[in-house]
Structure formats: C-alpha cells, structure tokens
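Heads up, the thing below is written out as structure tokens.
Just so you know, all these numbers are worked out from the coordinates, no wet-lab data involved. In this text the structure is predicted, and so the values were computed from the model without any measurement. Note that we place each Cβ from the backbone using ideal geometry, even for glycine, and neighbour counts take in every protein chain shown.
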Amino acid sequence: MKNLIVYSTRKGTSEKLAKMLADKLPGETKLANIKENPSVKGYDNVILGGAVLAGEIKNGMRKFAVSNLSELKNCQVALFCCCLSVDEIDQRLLH
Ligand SMILES: Cc1cc2nc3c(=O)[nH]c(=O)nc-3n(C[C@H](O)[C@H](O)[C@H](O)COP(=O)(O)O)c2cc1C
C-alpha cells in the first residue's frame with residue numbers, strides 16, 4: 001500500500017502531525033510539503049491536511065485538491081487540520 005501525506009504548515013505543527021500519521025500508517029508513506037507540489041499519481045491513499053489560519057486551511061491546499069481532482073478520485077482521500085477551535089473542525093474540512 002502506498003500512501004502520500006501532503007501538508008501545509010506555518011509554524012510546524014501540521015508537519016509534526018503528518019509525521020506522526022506517517023509513523024502509524026502501514027505500507028510505504030511519502031511526506032510532502034505542499035510547497036513541493038507533489039504528484040498524487042500512483043498512490044492508494046492520499047491524506048491532505050494543514051493549519052486553519054483565519055478560518056481556512058490556507059497555503060494553496062484547496063487549489064492543490066482541485067487541480068489534482070481527477071487523480072484524487074482514483075484513491076482513498078482523508079483530511080486533517082490543526083486548529084485552536086475544535087468546534088470549527090468539521091466546518092473547515094467541509095469548506
Ligand atoms: C495567524 C493565525 C491565524 C489563526 N487562525 C485560526 C482560526 O481561524 N481558527 C483556528 O481554530 N485556529 C487558528 N489558528 C491556530 C492554528 O490553526 C494552530 O496554531 C495550528 O496548530 C497551526 O499549525 P501550523 O503549526 O502547522 O502552522 C491561527 C493561528 C495563527 C498563527
């Protein structure tokens with residue numbers, strides 16, 4: 001099983017969480033900062049996540065998801081976010 005975790009971070013918490021997830025996942029896992037604009041081709045599972053800043057997961061995560069949509073439809077996708085307000089999590093991930 002091949003996994004890709006793409007994260008966006010400002011202060012490093014999301015990167016730390018991405019590394020923790022990578023350690024828990026079975027199979028081969030690649031970690032990539034969204035700044036690297038990684039290819040999602042050839043992965044079974046893709047995890048996208050990052051920090052909520054001013055109400056949004058920023059740093060191009062939405063743009064990345066949209067521009068890779070056709071490939072993402074061929075794999076299992078999971079999302080995570082780091083934020084202060086637990087009440088906002090579902091809303092931000094749906095947004
Ligand atoms: C400028 C700024 C704006 C933030 N805005 C929000 C917000 O709107 N909602 C929230 O729940 N957390 C907010 N946070 C908290 C961050 O989401 C949280 O600290 C997160 O863990 C940072 O992740 P990072 O270390 O990967 O950048 C904000 C933090 C900063 C520095």
Please count how many residues of region 26-53 are closer than 13 Å to residue 76 by Cβ, of a type outside the set (S, T, N, Q), away from the ligand (no atom under 16 Å from the Cβ) and surrounded by 15 or more Cβ atoms within 10 Å (Cβ to Cβ).
3
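Of everything in region 51-66, what is of a type in the set (Gly, Ala, Ser) and more than 14 Å from residue 6 (Cα to Cα)? Give them in sequence order.
Residues of region 51-66 that are of a type in the set (Gly, Ala, Ser), as a first pass: 51, 54-55, 60, 65.
Those that are of a type in the set (Gly, Ala, Ser) and more than 14 Å from residue 6 (Cα to Cα): 54, 55.
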Just the residues that are under 14 Å from residue 80 (Cα atoms) and assigned to a helix (DSSP H, G or I), please, taken from region 1-33.
13, 14, 15, 16, 17, 18, 19, 20, 21, 22
So for region 3-23 (the condition being within 14 Å of residue 75 (Cβ to Cβ), away from the ligand (no atom under 16 Å from the Cβ) and in contact with a Lys or Arg (Cβ under 8 Å, 6 or more places away or on another chain)), does at least one residue qualify?
yes
Would you mind stating whether residue 47 is in contact with a Gly (Cβ under 6 Å, 6 or more places away or on another chain) and either touching a residue at least 40 places away in the same chain (Cβ under 8 Å) or of a type in the set (S, T, N, Q) (or both)?
no
